[in-house]
Amino acid sequence: SAVISQKPSRDICQRGTSLTIQCQVDSQVTMMFWYRQQPGQSLTLIATANQGSEATYESGFVIDKFPISRPNLTFSTLTVSNMSPEDSSIYLCSVRGLGETQYFGPGTRLLVL
Amino acid sequence: AQSVTQLGSHVSVSEGALVLLRCNYSSSVPPYLFWYVQYPNQGLQLLLKYTTGATLVKGINGFEAEFKKSETSFHLTKPSAHMSDAAEYFCAVSEAGGYQKVTFGTGTKLQVIP
């Protein structure tokens with residue numbers, strides 16, 4: 001299994017600002033993902049972070065709002081841009097391991113005022 | 001396209017009673033199936049998974065699940081609930097073969113009553 005850390009673990013931000021979330025994995029992985037979990041809801045895939053190329057976004061998510069970087073096989077960042085209260089969520093980094101299993105980081109709890 | 005349905009957003013059981021959390025899936029190809037648990041203020045932890053082989057899968061913390069293709073189900077059970085089992089449980093499916101997207105159910109919150 002992979003050990004995943006995220007920074008920050010939580011934050012309170014003002015509307016209109018941006019926050020960058022970091023995800024670090026303890027081993028090299030090909031597939032990294034970013035999910036959003038809105039209050040009381042399930043996980044929604046935002047995008048797949050590809051090393052050396054642009055991220056692949058799911059329907060309803062755009063690069064201008066959620067820019068993603070993937071400079072190497074162990075690290076990725078997700079930025080939540082021009083935030084509004086609707087962006088208040090838990091943001092989870094995930095990696096794909098052996099046997100199609102996905103492992104998750106502890107999440108970043110974001111509150112936008 | 002694949003989908004997951006979890007019946008019951010909230011389930012309450014008494015301590016020591018059987019835990020049964022229901023999950024039905026839809027997939028056009030053989031599925032990989034997963035159960036994850038999320039404790040308060042934590043990320044998701046893998047409980048167990050089914051990929052191929054034996055249809056009864058045992059996981060951590062005494063949980064198990066059985067893949068029933070004819071019923072398109074993957075229900076999670078535990079013979080005797082413990083207070084520490086109180087958490088939210090997510091069923092998930094991906095399609096076998098290559099790197100396929102994982103789809104999560106809406107989750108079931110398990111309450112254990114002393």
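I'm checking my understanding of the structure. Among residues of region B:75-87 that are over 10 Å from the mean Cα position of the chain (by Cα) and either within 20 Å of A:Tyr35 (Cβ to Cβ) or buried (at least 19 other Cβ atoms within 10 Å of the Cβ) (or both), which one is nearest to the other protein chains (Cβ to nearest Cβ)? Spell out the reasoning first.
First, pick out the residues of region B:75-87 that are over 10 Å from the mean Cα position of the chain (by Cα): B:78-87.
When the remaining residues are screened for being either within 20 Å of A:Tyr35 (Cβ to Cβ) or buried (at least 19 other Cβ atoms within 10 Å of the Cβ) (or both), the result is B:78, B:81, B:85, B:87.
Values: B:Lys78: 21, B:Ala81: 23, B:Asp85: 19, B:Ala87: 14 Å.
Going through the qualifying residues, I end up with B:Ala87.
Mind checking which residues of region B:17-62 are part of a loop (DSSP other than H, G, I, E, B), more than 12 Å from every other protein chain (Cβ to nearest Cβ) and in contact (Cβ under 8 Å) with a residue 40 or more places away in the chain?
Once the filter is applied, which keeps residues that are part of a loop (DSSP other than H, G, I, E, B), more than 12 Å from every other protein chain (Cβ to nearest Cβ) and in contact (Cβ under 8 Å) with a residue 40 or more places away in the chain, region B:17-62 yields B:Ala17, B:Leu18, B:Ser27, B:Ser28, B:Val29.
Select, from A:Asp87, A:Asp11, A:Asp26, the only residue that is more than 30 Å from B:His10 (Cβ to Cβ) and out of contact with any helix residue (DSSP H, G or I) (no Cβ under 8 Å at 6 or more places or on another chain). Let's see the steps before the verdict.
Values: A:Asp87 fails: more than 30 Å from B:His10 (Cβ to Cβ); A:Asp11 fails: more than 30 Å from B:His10 (Cβ to Cβ).
The conditions single out A:Asp26.
Could you tell me which residue of region A:39-57 is nearest to the other protein chains (Cβ to nearest Cβ), considering only residues that are surrounded by fewer than 18 Cβ atoms within 10 Å (Cβ to Cβ) and modelled with pLDDT of 90 or more?
At the first step, the residues of region A:39-57 found to be surrounded by fewer than 18 Cβ atoms within 10 Å (Cβ to Cβ) are A:39-41, A:44, A:50-54, A:56-57.
Next, only the ones that are modelled with pLDDT of 90 or more stay: A:44, A:56-57.
Details: A:Thr44: 8, A:Thr56: 10, A:Tyr57: 12 Å.
It comes out as A:Thr44.
Return yes when A:Phe66 is of a type in the set (A, V, I, L, M, F, W, C), part of a loop (DSSP other than H, G, I, E, B), touching a residue at least 12 places away in the same chain (Cβ under 8 Å) and within 14 Å of chain B (Cβ to nearest Cβ) and no when it is not.
Values: of a type in the set (A, V, I, L, M, F, W, C): yes; part of a loop (DSSP other than H, G, I, E, B): yes; touching a residue at least 12 places away in the same chain (Cβ under 8 Å): yes; within 14 Å of chain B (Cβ to nearest Cβ): no.
Taking the combined requirement at face value, the residue does not satisfy it.
The values are calculated or read from the model by the stated rules, or taken from the named source; none is laboratory data. Remember, predicted model here, so these are calculated numbers, not experimental data. Note that we place each Cβ from the backbone using ideal geometry, even for glycine, and neighbour counts take in every protein chain shown.
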